[in-house]
Amino acid sequence: MHAVVVRVKVGDVERAQQALETEVVPQVSSAAGFKAAYWTRATSGGETNGLSMVIFDSEDNAQAAADRVRGMAPETVTVESVEVREVVASA
């Protein structure tokens, strides 16, 4: 298994949450090889940052999804980094 790890800066939290629920989650969950996903948010010093981890069945499927991330980001979100990582353990 492989994971796509994405770090973002969030502008308008409410609009970003709505876009996440109505656009991003449905697109991601229907991607080839999708297994699971988690989106997280933290606010510090007045900035809101997000980190997501989406698990896929193969490196190829993870890479294909990673290649689409920037095009999926709502306008209120700035993508800071996208990585594909091998999943080495889970619980």
Does Thr22 fit the bill of being within 24 Å of Ala89 (Cα to Cα), surrounded by fewer than 17 Cβ atoms within 10 Å (Cβ to Cβ) and not charged (D, E, K, R)? no
Options Arg41, Arg68; residue that is within 22 Å of Ala19 (Cβ to Cβ) and not in a strand (DSSP E or B): Arg68
Name every residue in the stretch 17-47 that is under 16 Å from Thr76 (Cα atoms), touching a residue at least 40 places away in the same chain (Cβ under 8 Å) and in contact with a helix residue (DSSP H, G or I) (Cβ under 9 Å, 6 or more places away or on another chain), in order of residue number. Glu23, Val24
Identify all residues within the stretch 44-65 that are part of a strand (DSSP E or B) and hydroxyl-bearing (Ser, Thr, Tyr); write none if there are none. Ser44, Thr48, Ser52
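Taken together, the values in this text are just the output of simple stated rules run on the coordinates, not laboratory data. Since the structure is predicted, the reported quantities are computational estimates derived from the model, not experimental observations. Every residue, glycine as well, gets a Cβ built from its backbone with ideal geometry; the counts of neighbours run over all protein chains shown.
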